[in-house]
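What follows is a set of notes on a single structure, which appears directly below.
The values are calculated or read from the model by the stated rules, or taken from the named source; none is laboratory data. Because the structure is a prediction, the values reported are computed rather than measured. Here Cβ is always computed from backbone atoms with ideal geometry, including for glycine, and neighbour counts include all displayed protein chains.
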Amino acid sequence: MKIILLPCLLLCLIPCHFLRAQTLVNFEDLSVGTIVTTQYATKGVVFSVGGVFGAYLFEDAHAHSGTHVLRLASPATEFPPGTLTMQFTAGQRSVKFFASVPGANAASQGTAQAFDANGTVIATDGPKAVQPSNYSTSFLLTSSRAAIVKVEIQMTDMAFEAIDDLSFVGGAGTLPHQAPVVKITSPANGAELSSQNVLLTGTVTGQSLFGQPLATINIPQPPGSTAPPFTFFVPLSGTRNTRRFSWSGGVGLGPQTVTVTATNIAGLTGTASATFDYLPAAIKNRFQQEGGSGRLGTFSFGIGGGLGCTIAVYQQGAIFYLPDKAKTFLAVGSMFSKWLQTQGQFRRDLRCATSEETPVNGFTGTTRQDFQQGRLYAGGGNALYVPPVFANAIDNLGGEVAVGIPVSDPPLLTPVPVWNFQRFQMADSVSLPSTLEISGSPPVLMVQRQGGDPADLQNAGLTLTQSTPTLEWQFSCSGPDGPCNVAPLISPPITLDAIAVCAGPHVVVGCGPPFWTGTYPGDSREWQAVTDDQAETFASGYVQESHPTDIDNPLSHEHVGPPPNFVSDWEIHLWPLGPFRSLMSSGKPYLKIEYEEYYAHALEAGWGWPLPGDFLFAAGRWIVDCGHCDFHAEIHPPAVMVFSRTIQHLGRPATDAVIWVNGFYTGAEVNFEVEAPPKPAPDANLVLEKPTDATAALGLNLQLSWDAHAVHARFSAPLRQMSIDSNTGEMFWQYLRGYQGEWILYWDK
């Protein structure tokens, strides 16, 4: 009997909590990647992170047992989302687990705390070192009674903790058998909101709720969108079995559904949903004005937020509302289709409309519409995109009649040397497409147009033809996409008083014989220099007329024709462009370029003479003709003359330039450029055909350089003093210096 009673006596001496059943959770029964919340509720424990999220089932070769552990969050999570919490369905006497900080570079200090039902800390273990590569550090929390209902573990250094082999003594509590009941009291089902902020309120009724209810608002999304619904947790207030939730915040546009889901520790869920609709009143009114769903169809999706406007997208159109302007704009048809196509595209997203669709002046059947990030042109059922920097250039350079409308979308380019590129066609039937390009570093906007500004051609009395040359304007830009300092060229006022240059007090009125009827002879030379006899003055512009002179003075010309006119000179009427207009004399409609035709016979025999519509560059002596009663300002004689036009060469447009440097050249440096036709493609290369310097040049130097669209030439020679007749002002030809040649410039693509 004693032998039998002794074991029984010993059993009675063992503390009762050691006799309670021990529960072990080693996480080997769940798949890697599982978000762990209530899966172990039947064993007596549920897991959360920060009271909201679930923990992450992780595979770790260093696990305390097996290979599965419970990690604070996925390795893809950048920052710890909260504290790892173990909530027990019944009070526990002891809780034990093993911890690590996988992926960390060094050990972290970890602390575990146990809480009772009142939220009071009743046990603490730590801080202690937790290693990154093993689970040898254990935490043990005990209580004299079964009072532990929650355990939290925290790490220093922003470490992501993981635990394995969780064991606890105390058993599992009774789980609820019914799901929570959720009710939404606001917004009312079917409500139409007057503000984009919604107040979400309601109640959750049920036992042993787990975490906070999850709210999801399903907002209409663009077709093909993979954006998830707007999801957030709503905080609960109150105690016992019925608790309240409340949340206020912004929502999307159009018809939406909000769903609130509550979960208890048994993993049972309850839900409630409500539908509501929000659109600004201005959009609703415009929708009705445009014919409602009969014209625009049903609502598809909306865009708002930081765009500075609200966009309501329907099946057949979009309405844009700009609150700061209190205006709405509509996009339909091909404009709407193109706008949809550009949504989200790199360097193409138009964002909000800032104007209505309007006709384009001079282009029948073409319309345009402006947006925050560009412009669309529509015609023939198709719409094309123009970036903002090019749209701004069009507006500042005379509009579409002066630049054209796009022939295609701009290509998406690899940066440098060309950042942006697009071609435009004017309304005429003869001109080449214009080219707008931003290239280089720092970036420069280059505008190439056949004929340049049409207003210049019109002012010169010329019309655009297939042979009209191309002119280029350049503007500096602050970046590859602009903005650029685009402004039309401003011509200076014409202030030259030609009579004052001649300085004659006895101006003869009338233009009859003798052949000179100005202030010469007697008061001035026949050709009086405005600045200096030896200075080279530059001018460029369009040739209006080109022909022999009407009458010349045989006493001041070397090679004259028969009487009574004694014609010797060739004269060109030039319409100067930009700053060169200041070379004209007041009240005169052109600047003369005049030279003795005898010296140009070889040039004219080989390549002809400048023709009306040609672009001409001249450098020479700037004078006033005091021997004729009209007192014209002239470049007389020109030492360098370049006239160019557009031709077809090898089946493609080319610039044909004839260059003449002659015996009137002093040797002073003269720079000019030959501009190519509008560039056909961003990767096209310039080709120049020209004679060899040995065959075309005599007694001077020629240096060439290239930019994106032109060839720059510089002539120079040892300076020489030109002989000037002191009585007439005639400049005399000197030999052994000159250049004659034809240059052809074109693109290889």
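Yes or no: F336 of a type outside the set (D, E, K, R), assigned to a loop (DSSP other than H, G, I, E, B), outside the structural domain of P682 (by TED's automatic domain parsing) and within 24 Å of the chain's Cα centre (by Cα)? For F336, the condition - of a type outside the set (D, E, K, R), assigned to a loop (DSSP other than H, G, I, E, B), outside the structural domain of P682 (by TED's automatic domain parsing) and within 24 Å of the chain's Cα centre (by Cα) - is not met. Scanning region 672-707 for residues that are surrounded by fewer than 20 Cβ atoms within 10 Å (Cβ to Cβ), in contact (Cβ under 8 Å) with a residue 60 or more places away in the chain and among the hydrophobic types (A, V, I, L, M, F, W, C) returns A681, A684, L686, V687. Go through the residues of region 99-117 one by one and say whether even a single one is touching a residue at least 12 places away in the same chain (Cβ under 8 Å), closer than 23 Å to T261 by Cβ, within 49 Å of the chain's Cα centre (by Cα) and surrounded by fewer than 19 Cβ atoms within 10 Å (Cβ to Cβ). No, that holds for no residue. The set of residues in region 370-393 that are within 28 Å of G578 (Cβ to Cβ) and either among the hydroxyl-bearing types (S, T, Y) or touching a residue at least 40 places away in the same chain (Cβ under 8 Å) (or both) comprises P387, P388, V389, F390, N392, A393. Pairing residues of region 396-409 that are at negative phi with residues that are in a helix (DSSP H, G or I) and of a type outside the set (G, A, S), at Cβ distances under 6 Å and at least 6 apart in sequence or on separate chains, gives L397/V403; A402/P454; V403/I394.
In region 657-665, the count of residues that are modelled with pLDDT of 95 or more, under 30 Å from L464 (Cβ atoms), assigned by TED's automatic domain parsing to the domain that holds H573 and hydroxyl-bearing (S, T, Y) is zero. Number of residues in region 389-418 that are buried (at least 21 other Cβ atoms within 10 Å of the Cβ), in contact with a helix residue (DSSP H, G or I) (Cβ under 7 Å, 6 or more places away or on another chain) and not aliphatic (A, V, I, L, M) equals 1. Does V389 meet the test of being closer than 28 Å to L457 by Cα, in the same structural domain as Q450 (by TED's automatic domain parsing), under 20 Å from the mean Cα position of the chain (by Cα) and β-branched (V, I, T)? Yes.
When S355, S300 are checked against the criterion of being out of contact with any Leu (no Cβ under 9 Å at 6 or more places or on another chain), among the hydroxyl-bearing types (S, T, Y) and part of a strand (DSSP E or B), S300 stands alone in meeting it.
Just one of the listed residues (T85, T77) is closer than 17 Å to D116 by Cβ, assigned by TED's automatic domain parsing to the domain that holds D165 and in contact with a Phe, Trp or Tyr (Cβ under 9 Å, 6 or more places away or on another chain), namely T85. In region 212-253, which strands (runs of 3 or more DSSP E) lie fully inside it and hold 1 or more residues that are closer than 16 Å to F301 by Cα and without any contact (Cβ under 8 Å) to a residue 40 or more places away in the chain? Output list reads 230-233.
Within region 128-148, the set of residues being β-branched (V, I, T) and either surrounded by fewer than 22 Cβ atoms within 10 Å (Cβ to Cβ) or not in a strand (DSSP E or B) (or both) comprises T137, T142. No other residue among A383, A378 is in contact with a Leu (Cβ under 7 Å, 6 or more places away or on another chain) and part of a strand (DSSP E or B) apart from A383.
Yes/no per residue for (1) modelled with pLDDT under 95; (2) out of contact with any Gly (no Cβ under 6 Å at 6 or more places or on another chain); (3) of a type in the set (S, T, N, Q):
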| residue | (1), (2), (3) |
| --- | --- |
| V403 | no, yes, no |
| S408 | no, yes, yes |
| P415 | yes, yes, no |
| F421 | no, yes, no |
| E437 | no, yes, no |
| S441 | yes, yes, yes |
| L462 | no, no, no |
| L489 | yes, no, no |
| I494 | yes, yes, no |
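Residue count for region 521-574 satisfying the condition of being of a type in the set (S, T, N, Q), in a loop (DSSP other than H, G, I, E, B) and more than 55 Å from the chain's Cα centre (by Cα): 6. Among the conditions (1) at positive phi; (2) without any contact (Cβ under 8 Å) to a residue 60 or more places away in the chain; (3) aromatic (F, W, Y), Y598 misses just one, which is (1).
All conditions but one from (1) more than 27 Å from K284 (Cβ to Cβ); (2) surrounded by fewer than 16 Cβ atoms within 10 Å (Cβ to Cβ); (3) free of Cβ contacts under 8 Å to residues at least 24 places away in the same chain apply to G344; the one that does not is (1). Of the residues making up region 275-297, those that are in contact (Cβ under 8 Å) with a residue 12 or more places away in the chain, among the small types (G, A, S) and either buried (at least 21 other Cβ atoms within 10 Å of the Cβ) or part of a helix (DSSP H, G or I) (or both) are A281, A282, S293.
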